[in-house]
Structure formats: structure tokens, C-alpha cells
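Presented below is the structure to which this report refers.
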Amino acid sequence: MELLQLRYFLDSARSENFAKTAEKYMVPPSSVSASIKRLETELGCQLFDRCSNRIFLNENGRKLQRSLGMMFDELDRTVSELSFAESEKPEIKMLAKSLREVMTNALIEYRELHPNQRFLTVFGFDEDNYEEYDLIVDERNESYVGYEKIVLCTMRIRLCAAPDSPLCGRPLTLRQLRNQNFVTMGKQSNSHRILVKACKNAGFVPNIVMEINDTKCYVKCINTGMGIGLSREPAETKPSESAKNFLLVSDFEELQTYYIYYKKTSSNPNLQNFVDYLRKRDFWRSGV
């Protein structure tokens, strides 16, 4: 049972709408729904009655809502009092060259715990002036001289298509996709390099019909059938748990490890707290 999970429930209880809660926390509605279902499993009872794509708070839910309402009121007051003394915290400068959506969710959650912590955050593939940043999120990169490195997470890179694509669900080789359209993130992105290299090894140049730097637009283009693209999933995910639109390409296997690079000698006293938070966070949970 997690604090964010309980906040998801409390907001959903007030609105009786998972989508509104998801919009508030900037996560997919499916993440909120799955979180509530895990909470119900842990408690051993349903908190909402579900009917025709609607949810209705039941008596169990109302009991929990009353208790959590009082608990969070007191918690928020205490956090506010503690945070007041930290109002002059220096900002943390972060460059996210990878996992931009994941890091956005991490920042939102961290700011809930430390509302007065300020961040100067740049999300970009081609930013090279890295020395001004306290923390960088990227793949393996030996050029970050003077930075400590810890593993953030490892993910499997897979090819995917629209859920209704005839390519889904059947064994394929990469070369069988040579006449298909592809979409990628920008040329400076790791996913673009992986795709081009893999296709080259299979003996063809991919027909890239669109390059996109916005993650949500990228996913939408794939899901609406504009082209095949790359997507990430936790390295330990079982095949049966994978999304239906991942393609079964026998000769494409890519594991990618992402790192936190941070200045251990930074004069910012709050940097280590944020690094420790990232080290402990479950990055499989959402926004990956």
C-alpha cells in the first residue's frame, strides 16, 4: 500500500472518475485503475462498484474515504509546516536525455513530498552543454567526466504496431518488415539509432515516414497504424504480460540500461536526497 496509491483512491472517490484522477496526476487512466485494483486486492474488498464504464463509490469505499480524508488533511498540514523551513532550497538542474515521460512522473511525485523543491529541467536529445547540470538521465555515456553513475533501470526494446495490425501475434523476422512504414523519435534519439542499425543488419534501410520528438504523438502514430515503431517494456516482463501490439520478431532483441549521472561533489545540499529517491523508486510502475 503506497501513499500515491491512496491519493489516487481519494481523488477517484471524490470524482468517481478514474480519468479525472489520471488527468490531475498526468498518468494514463489505466495506471489509476490498476492501482485501485491492487489496493482492493490488498484490502480484500471492492471500494467501487463498476457498471457500464462507470464507477460508483460503495460503502467500503466511503469508510476508507472518511479515514483517508482526515489522515491526509493532517499529513498535508504537517508537510506544509516542515516545507516552510525549506522554502529557500536551491534548484536542482536536471537534463533528461532519455526516459522523459518516466522522469516527468518522478518529478511530480517528488514534488508532492517536497513541494518547495525547485527544478530546472531540460528534456532533450541533443543538449551537449551538460556541465551546468547537477543530474543527467541517459544511456551509457563515457563523456560525463566528473559525474558519479548509478543504474536507473534496464528495459527491453521491442518493435510494435497498431493493435489491429495483421502483423501482431504471428512469428516474424526483421527482414519481413522491409516493405513496412516506420516511425521514430528524432535522429538524435537512441530509439532512432537502434532501429536504423537493426534494419541495416537485416539488409535494408527502413522507410521512415515520420520523426517525432513528442512521446505521446509518437505512441499515437504507432497505435493508429501510421507505421511500426519501438517501445520499451520492463526487462523482467513475461511474454504473456506484454502489450498485444508488440511484434514477435525473432531476430530483434535489445536490452537498454539507463543511468543517473550526478555530481557527487555538487554544492547543492538537496541533490543527494533526490538521487536517493530515484534510486529507490519503482520505475516499472507507470510512465515507462
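The values are calculated or read from the model by the stated rules, or taken from the named source; none is laboratory data. From a predicted model like this one, the values you see are computed outputs, not experimental measurements. Cβ sites come from the backbone with ideal geometry, for glycine too, and all protein chains shown count toward neighbours. In case anyone asks, the SASA skips ligands and DNA or RNA and just uses the protein heavy atoms, side chains included. Shrake-Rupley method; radii C 1.70, N 1.55, O 1.52, S 1.80 Å.
Quick notes
- Among (1) at pLDDT 90 or above; (2) under 28 Å from Ala34 (Cα atoms); (3) open to solvent by less than 60 Å² (accessible area, probe 1.4 Å) - the single one Leu248 does not satisfy: (3)
- Within region 47-64, residues that are more than 12 Å from Ser12 (Cα to Cα) and among the basic types (Lys, Arg) have Cβ atoms under 6 Å from residues that are outside any strand (DSSP E or B) and open to solvent by less than 70 Å² (accessible area, probe 1.4 Å) in no pair, counting only partners at least 6 apart in sequence or on another chain.
- All conditions but one from (1) in contact (Cβ under 8 Å) with a residue 40 or more places away in the chain; (2) not in a helix (DSSP H, G or I) apply to Ala198; the one that does not is (2).
- Positions within region 1-53 being β-branched (Val, Ile, Thr) and open to solvent by 10 Å² or more (accessible area, probe 1.4 Å), in sequence order: Val27, Thr41
- Under the condition of being of a type in the set (D, E, K, R) and either in contact with a His (Cβ under 8 Å, 6 or more places away or on another chain) or over 17 Å from Val275 (Cβ atoms) (or both), the residues counted in region 98-117 number 3.
- Residue count for region 160-216, restricted to those that are hydroxyl-bearing (Ser, Thr, Tyr), closer than 23 Å to Lys97 by Cβ and at pLDDT 95 or above: 0
- Leu107 modelled with pLDDT of 90 or more, open to solvent by less than 50 Å² (accessible area, probe 1.4 Å) and over 29 Å from Leu6 (Cα atoms): no
- Test: residue in region 111-131 that is open to solvent by 60 Å² or more (accessible area, probe 1.4 Å), assigned to a strand (DSSP E or B) and in contact (Cβ under 8 Å) with a residue 60 or more places away in the chain: no
- Restricted to region 163-190, and to residues there that are among the hydroxyl-bearing types (Ser, Thr, Tyr) and under 30 Å from Asp138 (Cα atoms), the residue that is surrounded by the fewest Cβ atoms within 10 Å (Cβ to Cβ) is Thr173.
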